[in-house]
């Protein structure tokens, strides 16, 4: 498809957008839910980047976090469980002029939608894909998800999760053509914002796992990390997310990590003894599917001319 | 004239390298033109004409199976355009089509000898900018805000001074043939915005570092002798300008910062000869001052050329070439210091 | 040639006897990989170019690499040619040329061969060094010999070896040469057609194939004494020859669509092969997704953001897509789905025709999901249906399922070349600013229609959702709102139905029997009706293009016939089977639908033989139903 948009658009081009220009319906997540913080960060990002609300689409699946688009005043696509990425891919293939953000939960992204997660990463279509990871199915009331810590009790596995938790960062880093893989936490707003901004500015598919507290079902999982910044390593690099000034003192553990170094990134991700926040990997030199498939536009008459030529081959 | 032939050839190479930005502008023209056509089809037609249009759109499968008149009564009416504004939309549509018919000529301007570079570029962009003028005319007409006094000339010329942010993002690329003696790029600063790509094909002797004055943090600036290197301009993010220079000019590239440890300014070649003669109205001092500017910038960023590889991955100057350029640059800086002491 | 299908005369000219016939069916069969299909396709194309009516079907083996010389491996082409337009694959074969006796035996056992057929068979196996093969040959020839065919042994291998080293690669062109002599084909045209078929290969290959063609022709001239004369009675001018999948692909291009998202599935995939060759020239993308679900998801994403997109699939894929299809209905995102039906359920008969997806296409989406289902009846209609489907999807903000089948998909037929119209591509989506306060589902109370808000359109920001929603696209569980939005989505189908015209009856407007069909069976049904009417049987037929909403006026039409029955390629019980009663009988899918829709006691006759219906079989059914039905 051709990548162009029409020039026909209203004249008021240089309008400045404020936070309230991006605020949709009042968010109805539980008090204390980490999703509120992600919403605020996203809205701040849109202000900062001055993205036009009508040229921005938030695509989601089904789950607590997938209510996200309703709370934005942009275009939103609240589709099917696990299927946000194909929809977003379709949008971006047809309309690369749009800014596309995808909001998924852990069940959404790495369970029912796992196939799409793998392939969307490989397509490397320019969009921000956030996985809001609270380690549990929240909307359906506490079922084990692939990222639930082993042994953690839920309604479906009351004896505790049987399997070791899936490591989404490590897995994503293993996918061919992954171009941006980052992790942040909703309880550190400055880092969250900086990470989302780096993801937005990245040319390609930016996968961001946001560690997210669920005050109702998994309140304890991130409790220690919230209380004790010592448990967290901040990956620090100007090509990734430099540790924000405001956090340098509070989070004393900084790891210098060049995001172009894939094998180092994989080692850092595989070691789950520490929580590591920042950009694990980033390479803008990788092929982007919507670019690869870019085609010029044709007028209707042009198409008729070409079609006639093609049909000549089937003419008797 | 052989030199003219050469510059034509270079211009067509430049056109080739700018294929992508050209295609993007053309695609924008096509999409806009098709949308406007639809608007005209939908807006001004009578019920009968709409039914005829519906019949055509539904095609042969509908024949005998669908009652066309009835079907056409159910379709969504397009955004209503006041009948009085129809001629204006027609005119806008004709403007877009005429731009499409211009083909690649849309992306060329030639500065006649002794002519003003800035004015020519403004003229060239204003010509392609008619597409923006046409789209704005349509928008104004359908919202009832069109004012002949203010907007009357927009279909004839829509210069960059009127462009908004989005239009700068969609800016048409431009290839400009200009005599070296007329190469006063200072005036082009105002056009380096959004996604504007400009390529200067320079004829005859030229100030060796003319484009150095355009180096600012957000702009890609290139001087080269090799048309293939223009891909740096074509693929740049943001505004970019490149010049195909005569032999023994400075060859350098400046790219906006892309991260730590990546060169922003890479100088591949410094001229063997210092400027000695005024070119047209460009004095020796002005020519030398541009060179000094380039050298200062390079020194200021601690990038004395050698070993620095820009994102171009630059194959044109190997390590040896780079070293020579570095030496020359160092020599230059020293000489400038001497001159100043002497002065 | 069977008496009821063809008018034929015999005459003797020179040495050869010439059988003149109005139509004739030819098969070329071999092990797969021996090129019988190329032989058959070329013969069909040349015949079409000469002005014969043509219908070509592939004979596809069940396995990708079946063992050589096995009946299960029979692969090739069946070409029916006629003086006039040929609308279906016909009955049994009149001429069969086989590269080994086992594949011939397979056709015989499938009852594919006419009693008085002429069979030409490669005879190298009779003297093969392998004793088992020689024994197989003897047994097979005995079995075939008992059937009364006219069998001619052809030393294909031996002849071909005079030109090529590997005869396996050349027999198909030799066989083509024989057919060209038998049917007096235009040899210049044939050479041209061969050159076209091998245009992507080296020039020597074309040349060698030309040599083999001449060789076959010369051999036949010297050794055969029977020729068949099916005179070209049509003008081949302004005609296209292609299969239904190609027609659908070109139709999608003509309709201005720019996104085909798909996942490989037989027999739908070749639509994407065709598109893969040409679509990019029109700015179109064939996106091969990671799975069927992603394919429809990408199509929906693209459609949502602008031009209507489409996806191509077959039964199992349609099943996987159902959740997204429901979303397209719920959120009113236009979408075109092409379902090229094959045998089912489950993996079923991947390469064979069936019409068993009808009810799944209509009702497969859990929840109430009203949408459009239409079915082209000919290869030509596969082209035009795409144009209409796109337009309906756009205007009604709805899902349109276009149902074809393996018969249309792989059948090759000439049809009038359409005069292309840029209007088919429709209008650019309306992206003009949306007036403040206008809701994204601003349903017209009477029609349920509303304007689509496309991203990029100023003032149209909203979140589309698959959850129950009000006019503002806000999630709403209130009962009144759900009732209302369901009503609005359903109303659109009634509105579309109000624009449909009652179907035309083929034959008399009233009578003893009305046969109702849909999809690819039209040609066979109408040929059977013609034969029966020629015998004085009071039968008519009717062919539906819109299955949802259903075409109007059916009850009135049905009431003018003593009996109404559907003829379909799907399964139904018959009353003489054990345990089957009027009450528990499972009927053909269209019959099921028509009974529900019209309360008329619609009977059915259906078969799932993995092949298109034969007009002769339908003819028999008509005869027995009219006499059974107590016709005067």
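Some values worked out for this structure:
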quantity: Three-way shape call for region C:108-186 based on the alpha-carbon gyration tensor, with the a/c threshold at 1.5; calculated: oblate
quantity: Inter-chain shielding of A:286-297 (mean C-beta neighbours from other protein chains, 10 Å cut-off); calculated: 4
quantity: Förster-model FRET efficiency, 25 Å R0, residue C:231 and residue C:150, C-beta, rounded to 0.05; calculated: 0.65
quantity: Shape call, region C:324-435: gyration tensor on alpha carbons, a/c limit 1.5; calculated: oblate
quantity: Cα gyration tensor, region C:8-236 - rounded (a/c under 1.5), prolate or oblate; calculated: rounded
quantity: Relative exposure of A:73, C:200, judged by other C-beta atoms within 10 Å (fewest first); calculated: C:200, A:73
quantity: Over the protein assembly as shown: helical MRE at 222 nm, DSSP H runs n ≥ 4 each giving -39500 (n - 2.57), nearest 500; calculated: -11500 deg cm²/dmol
quantity: Share antiparallel - DSSP beta bridges, chain A, percent rounded to 5; calculated: 15 percent
quantity: Label-point gap, in nm, between residue A:275 and residue B:16 - each point 7 angstrom along Cα→Cβ; calculated: 5.7 nm
quantity: Footprinting exposure proxy for B:26, C:227 (fewest neighbouring C-beta atoms within 10 Å first); calculated: C:227, B:26
quantity: Contact order normalised by residue count of region C:494-632, Cα under 8 Å, 6+ apart, percent; calculated: 30 percent
quantity: Helix C:315-330 axis, angle to chain C major axis (alpha carbon atoms, nearest 10°); calculated: 20 degrees
quantity: Region A:19-312, relative contact order [Cα under 8 Å, separation at least 6], %; calculated: 16 percent
quantity: Tilt relative to chain C, helix C:131-145 - C-alpha long axis, 0 to 90 degrees, to 10; calculated: 80 degrees
quantity: Taking chain C and dividing mean pair separation by its residue count, relative contact order in percent (alpha carbons under 8 Å, at least six apart); calculated: 11 percent
quantity: Sorted by Cβ neighbour density within 10 Å, fewest at the top, the residues C:332, B:225, C:277; calculated: C:277, B:225, C:332
quantity: Calculated FRET efficiency for the pair residue C:446/residue A:26, C-beta based, R₀ 56 Å, to 0.05; calculated: 0.95
quantity: Acute angle (nearest 10 degrees) that the helix A:84-94 long axis makes with the longest principal axis of chain A, alpha-carbon atoms; calculated: 30 degrees
quantity: Among beta bridges that DSSP assigns inside the protein assembly as shown, antiparallel share in %, nearest 5; calculated: 30 percent
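Read-outs throughout are calculated quantities, based only on the coordinates presented, and are distinct from any laboratory measurement. What you are looking at is a predicted structure, and each value in this text was computed from that prediction instead of being measured. For neighbour counting, all protein chains shown are included, and Cβ atoms are generated from backbone atoms with ideal geometry for every residue, glycine included.
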